[in-house]
Amino acid sequence: MYDKQSFIALQSIIIKEVTRYFRIWVQTLLPPAITMTLYFVIFGQLIGSRVGQMDGVSYMEYITPGIIMMSVITNSYSNVVSSFFSAKFQRSIEEMLVSPVPTLFILLGYVLGGVSRGLLTGIIVTIVAAQFVEINVNSWGILLVVVLLTSMLFATGGLVNAVFAKKFDDISIVPTFILTPLTYLGGVFYSIKLLPEFWQSVSLANPILYMVNAFRYGFLGFSDIEISTALGLILVFIVGLFSLAYYLLAKGIGIRS
Amino acid sequence: MSEKAIEINNLKKVYGKSLHALKGISFSVEKGDFIALLGPNGAGKSTTIGIICSLVNKTSGEVKVFDHSIDSELEAAKRCLGLVPQEFNFSQFETPLQIVVNQAGYYGVPRKIALQRAEKYLKQLDLWDKKDTPSRTLSGGMKRRLMIARALIHEPKVLILDEPTAGVDIEIRRSMWEFLTELNEQGTTIVLTTHYLEEAEQLCRNVAIINHGEIIENTSIKDLISRLDIETFILDVDKLPSEFPNITDVEFRQRDESSLEIDVAKTVSFNRVFEWLSQHNIQVMSMRNKANRLEELFVRMTETQSN
């Protein structure tokens, strides 16, 4: 169905995407390292030392998986949303539209580009975290599956946002007003068991809670959420969002007149 | 029967609910042809090109590129086409080398071959020394040539150029003409839209004129020009005659203090004009066509259709 030429095209899109964020590394790779260092110093060391233990581990250890996941989510999303919207804005997306790259491979190219930036910043933040806390891994398998699926999900989300965006303001609305609040309320800094029952139930409607907790399980071996439920939910979201993104690209919505 | 590079049948495009950009146009381009697609602004030229190259969704009709329908064999059709659009549509932050090599990749050209071709085309188009410069810093002429290099990187059978020489200085325009003529001689079919009718007359063998979303003419440039029954000339003279002659199918007008404007029917020998001027001791210092011949015809045809 897809020949060698399609895979060369996919490779080209990924190279283009990776080259793009490396070219502007001061805007893409450096900020997460600085921001997350501040999180570790302020929340981990200064405040965390007074908080004491959370679920049997130090507060710093508790927040580490969430902070890594937070950078993976924001970077996967913002890479694709800004790259795809910029390609639309400069009309360089037409380079792909006139060429025989299958729609699926355009989608995969952008998503994998976003995933690669998400993972790279995740690694950078993990290296930063290792300066403050001893990193122990409970399950490499779960860790890798969760981080891969989550970055894939948010990279796809970034593409859907970019397809609908008409101006630069539109690409910052979702990260500012939806993604950031959901991340902060997604159990990065606290266990939902600390919340009253009503707010615990409300928190369960936040998809990021499942990702943060599944990732935390990969590191620490415990989670507020059942792992199978978390993985199942992430998969459902991926299938839904990926299908929507494919439909939008195939129809040419926002990119063809 | 000769092979068709592009076949368009009853192509329609409606923007929104009521803007009929194309009203069922049909025309074809022979393999190896160099054809001009002419028309005033908003006539439907770019929409037609956009549909052929999959940048615009058609409302109805059929488009085939080397017998590959864009409905059923879109990828095969796309492989035959190279597009140089009207507006710059590459990433301003990438270098020419990155732009053309990535484009080759989208067509499935392996990176090693892409790099070789990039060197070939960037050198041919005088861009090799700028290969690592961010493209936003290139001049307008360089950006146009970069888009030509990008369109050729997968070596398409058909090259479509949408006003490629707009805003380009005369020297670069001439060198682009030479390049395109050579490319056509090597077998590439070329479709060109332009507002410079001199360009169409110089380069193209055939012409399709589109106006208000309809094809109003599709013929050879030679045939089109042969239809021009009257030509207007401007003669710079050493003195003006006191009265104008009465020669059948020739009309004299005074243009200014030292020149005359003369309409001459194609059936009349120009010698009769010179004879008369000579009899009246009027020296012709220089002589030129008032306007580009094709331009006159084009204006006449599009005006007639509008009226």
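Things worth noting here:
- Along region B:134-141 the Karplus relation, 6.51 cos²θ - 1.76 cosθ + 1.60 evaluated at θ = phi - 60°, assigns HN-Hα couplings of x, 5, 5, 8, 6, 6, x, x Hz to successive residues, with x for each Gly and Pro.
- When the charge dipole of the protein assembly as shown is built from unit charges on Cβ atoms (+1 for Lys and Arg, -1 for Asp and Glu) and taken about the Cα centre, the candidate among A:Gly52, A:Ser92, A:Tyr2 whose Cα reaches farthest toward its positive end is A:Gly52.
- Region B:1-113 - charge dipole about Cα centre, Lys and Arg +1 at Cβ, Asp and Glu -1, debye rounded to 20: 240 debye
- Phi to ³J(HN,Hα) by Karplus 6.51 cos²θ - 1.76 cosθ + 1.60 over region B:256-271, Hz, x for Gly, Pro: 7, 5, 9, 9, 10, 10, 10, 8, 10, 6, 4, 7, 9, 6, 5, 4
- Under 5 Å, built H, 5+ apart or other chain: amide partners of B:Asn218: B:Ile209
- Sequence-distant residues sharing a close amide H with B:Leu37 (under 5 Å, placed H): B:Leu192, B:Thr193, B:Thr194, B:Ala208
- Distance from region A:101-118 to region A:179-194 (C-alpha centre basis), Å: 29 Å
- Accessible area per residue, Å², the protein assembly as shown with all protein chains present, probe 1.4 Å: 45 Å²
- Backbone geometry of region A:194-204 corresponds, through the Karplus equation with coefficients 6.51, -1.76 and 1.60 at θ = phi - 60°, to 3J(HN,Hα) couplings of 6, 8, x, 4, 4, 6, 5, 5, 4, 4, 5 Hz, x marking Gly and Pro.
- Separation between Cα centres of region B:1-47 and region B:142-184, rounded to whole Å: 21 Å
- Beta bridges per DSSP with both ends in chain B, % antiparallel, nearest 5: 70 percent
- Based on DSSP H segments of at least four residues, each scored -39500 (n - 2.57), chain B has a per-residue ellipticity at 222 nm of -10000 deg cm²/dmol.
- For B:Ser259, the amide hydrogen comes within under 5 Å of the amide hydrogens of B:Val237, counting only partners 5 or more places away or on other chains and with H modelled in the peptide plane.
- Placing unit charges on each Cβ (+1 for Lys and Arg, -1 for Asp and Glu) gives the protein assembly as shown a dipole about its Cα centre, and among A:Leu144, B:Thr59, A:Leu120 the Cα reaching farthest toward its positive end belongs to A:Leu144.
- Surface share of carbon and sulfur [accessible, 1.4 angstrom probe, percent] for region A:109-158: 71 percent
- Restricting region B:55-117 to GluC sites (Glu not before Pro) that sit in a DSSP loop and have at most 10 other Cβ atoms within 10 Å of their own Cβ leaves nothing.
- Centre-to-centre separation between the Cα atoms of region A:32-48 and those of region B:97-141: 45 Å.
- B:Glu3-B:Leu228 pseudo-label distance in nm [points 7 Å out on the Cα-to-Cβ vector]: 3.5 nm
- Point-charge dipole on Cβ atoms (K/R +1, D/E -1) for chain A, about Cα centre, debye to 20: 720 debye
- Residue pairs, from the table A:Lys4/A:Lys88; A:Lys4/B:Lys131; A:Lys88/B:Lys12; A:Lys88/B:Lys78; B:Lys45/B:Lys78; B:Lys123/B:Lys143, whose Cα atoms sit over 22 Å apart: A:Lys4/A:Lys88; A:Lys4/B:Lys131; A:Lys88/B:Lys12
The values are calculated or read from the model by the stated rules, or taken from the named source; none is laboratory data. Keep in mind it's a predicted model, so treat the numbers as computed, not measured. Here the Cβ is made from the backbone with ideal geometry for all residues, glycine too, and neighbour counts use every protein chain on show. Heads up: the accessible areas ignore ligands, DNA and RNA and are worked out on the full protein's heavy atoms, side chains in. Shrake-Rupley method; radii C 1.70, N 1.55, O 1.52, S 1.80 Å.
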